[in-house]
């Protein structure tokens, strides 16, 4: 059987659903349509995210699969292309796709336990994530996937435009200068010479699943970009072992950073700088989303990463 050719999702879907609530209202109907079109028997729904409806299904030949209906958003346009471009065995096989409805039919991953919930020692978990990332980064780079420099320029410009409205809140959090520096650092890191690979784009430990296949761990839900592989490790390092709740958050982050960067074969200094820059961007995003409490959490994380970088 000839493998299907992955395609970017249709960007028109983003304009069709200007609010998440608009898509949420339509998602059950899209799900029903795709179940019928691909002759799938529905099973258990997966929970935990707001950007997709994901359902365990059975195909006509009796094999298990996963049906994913995604929320149209800019970062997700190249998801199917990224999944198919990763080296064999490191992501679920793409069985079918409908680019207009943002639908994917993927081979089931068993047991599919996320690295975040695997109960592993944090040092082992970040080493696993780093080693897997090194294998992911060894794959071919699709020519059409957006570059990291393009994405960071857009993010930084949008965040700078928000600063006048956020100035008081950033001042109250004591991080206005750090956030402004973070936005400059995003663009600087993305445009300075560095190794280049296909990036996962959302390499958090919830998107790394245990597998009984040839590879014990696989990735899901990429938001692909092409650029510096050091960019990807921040969510892995910061979301394993609750480092921000440690007695010395900077020391815990540094320890996990060194392990992950060594396993991934990337420059730990660039990983630390990317982590600081992306955390600063998070502060701006949460304020823009009307979540001042979470912005305050990220402000504390930004201070911790600033201590890690140490300049």
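Each reported figure results from applying straightforward, stated rules to the coordinates on display, with no laboratory input. For clarity, every value in this text was computed on a predicted model and none was experimentally measured. Cβ: placed from backbone, ideal geometry, glycine included. Neighbour counts: every protein chain shown.
Compute the angle between helix 148-173 and the longest alpha-carbon principal axis of the chain, please, reported from 0 to 90 degrees and rounded to the nearest 10.
So the inclination is approximately 50 degrees.
Taking the simple approach of a point 7 Å from Cα along Cα-to-Cβ for both residue 25 and residue 258, what is their distance in nm?
Reported label-point gap for residue 25 and residue 258 is 5.5 nm.
Taking the chain as a Gaussian network, Cα atoms linked when under 10 Å apart, which of 27, 299, 116 shows the biggest mean-square fluctuation?
27
Please state the shape class of the range 146-247: rounded when a/c is under 1.5, otherwise prolate if a/b exceeds b/c and oblate if not, all from the C-alpha gyration tensor.
oblate
Once you keep just the Cα pairs under 8 angstrom separated by 6 or more residues, what percentage relative contact order results for the range 115-309?
Normalised by residue count, the contact order of the range 115-309 is 29 percent.
First obtain the Kirkwood hydrodynamic radius of the range 100-170 from its Cα pairs, then insert it into the Stokes-Einstein equation at 10 °C and 1.306 mPa s, and state the resulting D in µm² per second as a whole number.
Translational D for this selection: 93 µm²/s.
How much of the DSSP beta bridge set in the chain is antiparallel, as a percent to the nearest 5?
Numbers: 28 of 29 bridges.
Expressed as a percentage, antiparallel bridges in the chain total about 95.
Grab the DSSP H runs of the chain that are 4 residues or longer, score each as -39,500 (n - 2.57), total them, divide by all residues and round the 222 nm result to the nearest 500 deg cm²/dmol.
Working: 10 runs with 148 residues, N = 311.
It comes out at -15500 deg cm²/dmol, rounded to the nearest 500.
Kirkwood hydrodynamic radius of the range 1-97 from all distinct Cα pairs, in Å?
14.5
Give the order of 211, 238, 63 when sorted by the count of other beta carbons within 10 angstrom, beginning with the fewest.
63, 211, 238
Once you order the gyration tensor axes a ≥ b ≥ c over the Cα atoms, which shape class does the chain get: rounded for a/c under 1.5, otherwise prolate or oblate by comparing a/b with b/c?
prolate
Of the residues 112, 227, 201, which exhibits the maximal mean-square fluctuation in a Gaussian network model of the chain defined by a 10 Å Cα contact cut-off?
112
Running a GNM on the chain with Cα contacts under 10 Å, which residue among 146, 193, 216 ends up with the highest mean-square fluctuation?
193
At 0.36 nm per residue, minus the direct Cα-Cα distance, what do residue 88 and residue 63 gain on full extension? Give it in nm, one decimal, please.
Separation in residues times 0.36 nm, less the Cα-Cα distance, equals 7.0 nm.
Which angle from 0 to 90°, rounded to the nearest 10, does the C-alpha axis of helix 122-136 make with the longest principal axis of the chain?
60
Determine the gain in length on full extension of the stretch residue 167-residue 144; use 0.36 nm per residue of separation and subtract their C-alpha separation, reporting nm with one decimal.
Once the chain is fully extended between residue 167 and residue 144, it gains 4.6 nm.
Quick one: 93, 79, 44, fewest Cβ neighbours within 10 Å first, how do they rank? Mind showing how you got there, number by number?
Values: 93 18, 79 26, 44 9.
Result, fewest neighbours first: 44, 93, 79.
Using 0.36 nm per residue, how much length does the chain from residue 41 to residue 214 gain when fully extended, once their Cα-Cα distance is taken away?
Full-extension gain reported as 59.6 nm.
Shape verdict for the range 167-225, please, from the Cα gyration tensor: rounded (a/c under 1.5), prolate (a/b greater than b/c) or oblate.
Oblate is the answer for the range 167-225, as a/c is 1.5 or above yet b/c matches or exceeds a/b.
Using alpha carbons only, how many degrees (0 to 90, rounded to 10) separate the axis of helix 268-288 from the longest principal axis of the chain?
Roughly 80 degrees, rounded to the nearest 10.
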